[in-house]
1. Per q in 0.31 1/Å, what log10 I(q)/I(0) does a Debye calculation on the alpha-carbon atoms of the stretch 189-242 return?
2. Report D for the chain in µm² per second (integer): Stokes-Einstein, Kirkwood Rh on Cα pairs, 25 °C, 0.890 mPa s.
3. Which of the pairs Lys69/Lys110; Lys7/Lys168; Lys140/Lys207; Lys41/Lys223; Lys110/Lys140 have their Cα atoms more than 31 Å apart in this structure?
4. Could you work out the local net charge near Lys69, counting Lys and Arg as +1, Asp and Glu as -1, over the other residues with Cβ closer than 15 Å to its Cβ?
5. Specify the inter-centroid distance of the stretch 222-242 and the stretch 58-96, based on alpha-carbon positions, in whole Å.
6. Chymotrypsin sites (Phe, Trp or Tyr not before Pro), restricted to the stretch 19-100: which are DSSP loop and have at most 16 other Cβ atoms within 10 Å?
7. Shape verdict for the stretch 1-139, please, from the Cα gyration tensor: rounded (a/c under 1.5), prolate (a/b greater than b/c) or oblate.
8. Can you give the calculated 222 nm mean residue ellipticity of the chain, where each DSSP H run of n ≥ 4 adds -39,500 (n - 2.57) and the sum is split over every residue, rounded to the nearest 500 deg cm²/dmol?
Amino acid sequence: MNSLRLKNVSKHYGAKQALNGLNVTFTDGICGLLGPNGAGKSTLMNIITQNITCDKGGEVMWNCVPIAKAGADYRAVIGFMPQQQELYPTFTARRFIGYIAALKGIEPKKISEETNRVLSLVELSDDADKRLGGFSGGMKQRVLIAQTLLGDPKLIILDEPTAGLDPKQRVITRNLIHDLSKDRIVIISTHIVSDIETIADRILLIKEGVIIDDGTVDELTQKVKEGEPCLENLYMQYYGES
Ligand SMILES: Nc1ncnc2c1ncn2[C@@H]1O[C@H](COP(=O)(O)OP(=O)(O)OP(=O)(O)O)[C@@H](O)[C@H]1O
Ligand SMILES: [Mg+2]
């Protein structure tokens, strides 16, 4: 069982407090991070993936070791899909995935097989040798999801992975994420309740840099005061006025 523990994690950007004293522990399974624009979801994911550091006094621990000390060992277990990412338009999907695999330190002789494996998982095998510049938005999203799966990561962080996908791809992506979640921690941010409602083992609701609720879908939906006990109504209860 893996654990990712955040202790008193805050983040200021100048006068703006994006995160305010978060304390939370993630364990194996899918955790949905739900919150409106500006809630702090991407900031949290960028801290977990070491793209930015949190304010002094906070700490992130991977399996009881501070990530600042774990260094490359920690980065090797992460698969990360940032919210906005430019793809190299002249690269083919295969070349792009191979390139990321090399950056991740995957053994050269395994790169070709690993590339085929992850492209097949996102149903892009037939497009592997086409240039990314000609891909649709949804195909690009799937290439970005594919690269997170390289090298069997134990911690997968997906920042709005379903943005721009059509309904069929949304379902395929949801099922793929669900299948992946065994023996690893998967954290997904979204504003789209239906993307995580059926697959998340746990949901964190975040508002203005603070975790305002945390539980399973069943636990959370029992808190709905008006209307059907569904996650969308809870979302409106918490965020409807903001
Ligand atoms: N580099 C930055 N410089 C200044 N302020 C920032 C920076 N990055 C984020 N912020 C601010 O921090 C807050 C949290 O932003 P963040 O991107 O983490 O939110 P989010 O929940 O991911 O939102 P969205 O759903 O729109 O992606 C926002 O008020 C945002 O304007
Ligand atoms: Mg974001």
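1. Per q value, in the given order, log10 I(q)/I(0) is -1.56.
2. 132
3. Cα-Cα > 31 Å for Lys7/Lys168; rest within.
4. Details: positive: Arg5, Lys7, Arg75; negative: Glu59, Asp73.
Once positives and negatives cancel, what remains is +1.
5. A separation of 34 Å, based on Cα centres.
6. Values: sites: Phe26, Trp62, Tyr74, Phe80, Phe91, Phe96, Tyr99; in loops: Phe91.
When the chymotrypsin sites (Phe, Trp or Tyr not before Pro) of the stretch 19-100 are filtered for loop state and at most 16 Cβ neighbours within 10 Å, Phe91 remain.
7. Numbers: a/c = 2.34, a/b = 1.69, b/c = 1.39.
Prolate, because a/c is 1.5 or more and a/b exceeds b/c.
8. Numbers: 10 runs with 86 residues, N = 242.
So the helix-based figure for the chain works out to -10000 deg cm²/dmol.
Each value in this text was obtained by applying a stated rule to the coordinates, not by laboratory testing. All values reported here derive from a predicted model rather than from experimental measurement. Note that we place each Cβ from the backbone using ideal geometry, even for glycine, and neighbour counts take in every protein chain shown.
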